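Undergrad: Pasting in a structure now, in structure tokens, and then I'll have a few things to ask.
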Amino acid sequence: MRIALHPVGEVGRRAGLILLAERDLAALGLYGPGGARVADRRTIAIRELTGFDPLVTDDVDAASALAGIACDDGLSCVVTGDEVEPEIAERFRSAGRTLLLGANLAGIARSLAAHEAARTDAPTETSAAWTLPGKPLRRGEAVAFPEPVGARWGEIVTGGGGATLIRVPIQGEWAGASATVIGGVAGERVQRVVGIADLASHLDGIALAAGALVVAEGSIPPGVHRPGDHAEAYLAVALRLGLEVAAHSSG
């Protein structure tokens, strides 16, 4: 497995360190100036992407440009950003390559929600929540995260695709993701809450590294996808990388 990494911040650096712990990683190509901070005998400073797949980046601002370069060079691509230009996405579909968008904390939250909904008979309510830096709210949607994040207020955002999406602004170094699913299990109405909480940089690094590996291992088909579209495969890799999930069920 040979992965090209274009890191521009702490998330990319953390993802690089996590990837270097993988035994199957033969080489990590450092594409761009930020890569110099990730040092290991398997790291290679590269100017061309030949021989690597996929290209992985935490550069949200340049996500479309980098994805376009990857597609032109015949690579799949994994980005933390939630969107790229429509023309870039269509190029991946036409080329038969994989583009994974939103390999971030929100992607973990949506994957948790999709995974739990799939385990529930006729789910009636599904929500996915995640933290982001910002001034904490004093009212809104109540969300439960594991400690040390704890209970917080959040705000609903659009684009849930069947799940209610909730952003939760918090301050400090901690972050979390949570999913709540209400539905039937063995004929009984059950509410199940699953969540994670850890240092923000650690969780963001796992989110990006898991995206890189799930694409590199061929677990996501060609086309444009998000982690929640392939929740089982994505979460399996994230758990392997050290993601710890707490769960609570109530009738």
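The values are calculated or read from the model by the stated rules, or taken from the named source; none is laboratory data. Predicted model only: the values in this text are computed from it and were never measured. Note that each Cβ is placed from the backbone with ideal geometry, even for glycine, and that neighbours are counted across all protein chains shown.
Undergrad: Just the residues that are over 11 Å from residue 43 (Cβ atoms) and under 15 Å from the mean Cα position of the chain (by Cα), please, taken from the stretch 14-26. Break it down stepwise before answering.
TA: Residues of the stretch 14-26 over 11 Å from residue 43 (Cβ atoms): 14-15, 18, 21-24, 26.
Of everything in the stretch 14-26, those that are over 11 Å from residue 43 (Cβ atoms) and under 15 Å from the mean Cα position of the chain (by Cα) turn out to be 14, 15, 18.
Undergrad: Which one of 173, 244 is farther than 16 Å from residue 99 by Cβ and either of a type in the set (A, V, I, L, M) or in contact with a helix residue (DSSP H, G or I) (Cβ under 9 Å, 6 or more places away or on another chain) (or both)?
TA: Details: 244 fails: either of a type in the set (A, V, I, L, M) or in contact with a helix residue (DSSP H, G or I) (Cβ under 9 Å, 6 or more places away or on another chain) (or both).
Just a single option satisfies the conditions, and that option is 173.
Undergrad: Within the stretch 71-79, identify whether any single residue is surrounded by fewer than 17 Cβ atoms within 10 Å (Cβ to Cβ) and either touching a strand residue (DSSP E or B) at 6+ places or on another chain (Cβ under 7 Å) or under 20 Å from residue 241 (Cα atoms) (or both), and answer yes or no.
TA: No - not one qualifying residue is present in the stretch 71-79.
For every residue, the table says whether it meets (1) in the same structural domain as residue 141 (by TED's automatic domain parsing); (2) in contact with a strand residue (DSSP E or B) (Cβ under 7 Å, 6 or more places away or on another chain); (3) surrounded by 16 or more Cβ atoms within 10 Å (Cβ to Cβ).
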position	(1), (2), (3)
163	yes, yes, yes
167	yes, yes, yes
183	yes, yes, yes
194	yes, yes, yes
217	no, no, no
220	no, yes, yes
224	no, yes, yes
234	no, no, yes
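Undergrad: Determine the pairs where a residue that is outside the structural domain of residue 210 (by TED's automatic domain parsing), located within the stretch 32-58, has a partner that is β-branched (Val, Ile, Thr) and modelled with pLDDT under 95 with Cβ atoms under 6 Å apart, the partner being 6 or more residues away or on another chain.
TA: Partner pairs satisfying both residue conditions: none exist.
Undergrad: Something else: Mind checking which residues of the stretch 148-178 are charged (D, E, K, R) and over 21 Å from the mean Cα position of the chain (by Cα)? Outline the logic, then answer.
TA: Filtering the stretch 148-178 for residues charged (D, E, K, R) gives 152, 155, 167, 173.
The answer is 152, and nothing else.
Undergrad: Looking at the stretch 124-168, which of the residues that are of a type in the set (D, E, K, R) and in a loop (DSSP other than H, G, I, E, B) is nearest to residue 196 (Cα to Cα)?
TA: The initial filter retains those residues of the stretch 124-168 that are of a type in the set (D, E, K, R), namely 125, 135, 138-139, 141, 147, 152, 155, 167.
Narrowing the set further to residues that are in a loop (DSSP other than H, G, I, E, B) leaves 135, 138-139, 147.
Numbers: 135: 21, 138: 22, 139: 22, 147: 9 Å.
Looking at residues that are of a type in the set (D, E, K, R) and in a loop (DSSP other than H, G, I, E, B), I get 147.
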